[in-house]
Amino acid sequence: MSYDLRINHDSEVPKYKQVVELIISDIEAGIFKKGQRIPSINETSEELLLSRDTVEKAYVYLKKKGVLLSVRGKGYYVNQINVQKEIKVALIFNKLSNYKRSIYYSFVETLGSKAAVDVFIYNYSIDNFEKIIDNQINSYDYFVILPQFKNEDANVIQVIKKLPTEKVLLIDRNLDSLNEYPVVYQEFEKDIQTALGEGILLLKKYSKVNLVFPTNEYYSKNILRGFQIFCQVNGLEFSVIDQLEEEDVKKYEAYVLVSDDDLYRFVKITKGRNWQLGLDIGVVAYNDNPVKEILEDGITTISTNHDEIGRIAAQMILSKEFKRIKSPFQFVQRKSL
């Protein structure tokens, strides 16, 4: 094993996994040839100042993977030299939600057994985000980041630039200050205009269109701007509601709901009044999911394909072809409008 490689005792990566990576690196570098005996467990333990049990765990792991084979009474030998190192990915989200889960599952499924994915949540806080980066900076091959913060003026670029550029992939949000990085993104302002435009004839059935946009949940303000522009261009009477109250729900008006919590509250209110969605009142929900397909015989949605965001991001990592790609956005018509 090469003497210039050492174990990082402060790392959160288990020490046996660090030993695994060192051996694989030496095989890839040609230091160990196929059929060559590697240093014994005791020799490696002494060299790296690790317990014998830790090193043995690494050797047994590599044997199970077929990288090493053991010969009784003689030691461990290199069994294969074309070793595919497991990719380590940190997936960093602002929060957990239904659509984040969709991104995660499609991302992990596309990577398959070629990568290990760990999820970190920073709860919209630039301070929490920076702590994650500082603590994990040497632990992962790639950092897939969804950048969304309480303070839109937070110096995100300063934190992200702590990471090697080639290790960073952004998803969901395209920030002007980060335009040199690859990204799979939504274009919130234009997306909502285009999607609602597909349902313009349905929206015009109603006397007014209301956007329920809770400011305390840090949704992109581009959604709000896009909605306002859409209504102004199409001559629709409109209003913006921060916190949805029962008195805000009015017959013969249409509602665009960004939050799932507001959607479920809205449905409860209309059911209590025996109003029929799509007839007495209209509703369009942001971000499609299977529940909205069946809720009240189908909720009309405007949504990107979150599975596709995860899939494209994973394919970039596997192919090492990093680009800036806009995620498709669509209007899904159901009975609620």
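The values are calculated or read from the model by the stated rules, or taken from the named source; none is laboratory data. All figures in this text were calculated on a predicted structure; none of them were measured in a lab. A quick note on method: Cβ atoms are made from the backbone with ideal geometry, for glycine too, and the neighbour counts reach across all protein chains shown.
What to note about this one:
- Hits in the stretch 164-177 (condition: surrounded by 18 or more Cβ atoms within 10 Å (Cβ to Cβ), more than 12 Å from the chain's Cα centre (by Cα) and either among the basic types (K, R) or at pLDDT below 95 (or both)): N174
- Considering the stretch 222-253, and only residues there that are closer than 14 Å to Y286 by Cα and not β-branched (V, I, T), the residue that is modelled with the lowest pLDDT turns out to be N222.
- Residue count for the stretch 221-247, restricted to those that are under 17 Å from D191 (Cα atoms) and buried (at least 18 other Cβ atoms within 10 Å of the Cβ): 6
- Subset of the stretch 262-290 (residues that are aliphatic (A, V, I, L, M) and in contact (Cβ under 8 Å) with a residue 24 or more places away in the chain): L263, V267, L277, I281, V283, V284, A285
- Scanning the stretch 315-328 for residues that are under 14 Å from the mean Cα position of the chain (by Cα) and within 15 Å of K167 (Cβ to Cβ), we see that the one that is surrounded by the most Cβ atoms within 10 Å (Cβ to Cβ) is I317.
- Conditions (1) at pLDDT below 95; (2) surrounded by 20 or more Cβ atoms within 10 Å (Cβ to Cβ): number failed by E217: (2)
- Extreme residue, modelled with the highest pLDDT, among residues of the stretch 9-38 that are surrounded by 18 or more Cβ atoms within 10 Å (Cβ to Cβ) and farther than 21 Å from S139 by Cβ: I38
- Residues (touching a Pro at 6+ places or on another chain (Cβ under 9 Å) and more than 10 Å from I103 (Cα to Cα)) located in the stretch 294-315: T304
- The selection criterion, being in a helix (DSSP H, G or I) and either of a type in the set (S, T, Y) or over 22 Å from K292 (Cβ atoms) (or both), holds for Q232.
- Scanning the stretch 295-319 for residues that are on the phi > 0 side of the Ramachandran plot and touching a helix residue (DSSP H, G or I) at 6+ places or on another chain (Cβ under 9 Å) yields E296, G298.
- Among the candidates E293, E247, residue that is under 30 Å from the mean Cα position of the chain (by Cα) and either part of a loop (DSSP other than H, G, I, E, B) or farther than 30 Å from Y142 by Cα (or both): E293
- Filter pass, L211 being surrounded by fewer than 17 Cβ atoms within 10 Å (Cβ to Cβ), aliphatic (A, V, I, L, M), within 21 Å of Q333 (Cα to Cα) and not assigned by TED's automatic domain parsing to the domain that holds Y124: no
- The stretch 248-272: number of residues that are of a type in the set (F, W, Y) and surrounded by fewer than 18 Cβ atoms within 10 Å (Cβ to Cβ): 2
- S106 being at negative phi, among the small types (G, A, S) and surrounded by 19 or more Cβ atoms within 10 Å (Cβ to Cβ): yes
- Enumeration of residues in the stretch 33-88 that are part of a helix (DSSP H, G or I), acidic (D, E) and within 39 Å of the chain's Cα centre (by Cα): D53, E56
- Residue satisfying condition, being in contact with a Phe, Trp or Tyr (Cβ under 9 Å, 6 or more places away or on another chain) and of a type in the set (D, E, K, R), within set K204, K208, K161: K208
- For the stretch 39-70, filtered to residues that are farther than 18 Å from I7 by Cα and β-branched (V, I, T), the residue that is surrounded by the most Cβ atoms within 10 Å (Cβ to Cβ) is V67.
- If the condition is being in contact with a helix residue (DSSP H, G or I) (Cβ under 7 Å, 6 or more places away or on another chain) and either more than 13 Å from K251 (Cα to Cα) or not in a helix (DSSP H, G or I) (or both), then the stretch 268-281 contributes L277, I281.
- Residue in the stretch 190-207 that is in contact with a strand residue (DSSP E or B) (Cβ under 8 Å, 6 or more places away or on another chain), of a type in the set (V, I, T) and within 26 Å of K323 (Cβ to Cβ) present: yes
- Filtering K114, K100, K85 for residues that are in contact with a strand residue (DSSP E or B) (Cβ under 7 Å, 6 or more places away or on another chain), surrounded by fewer than 18 Cβ atoms within 10 Å (Cβ to Cβ), of a type outside the set (F, W, Y) and touching a residue at least 12 places away in the same chain (Cβ under 8 Å) leaves a single hit, K114.
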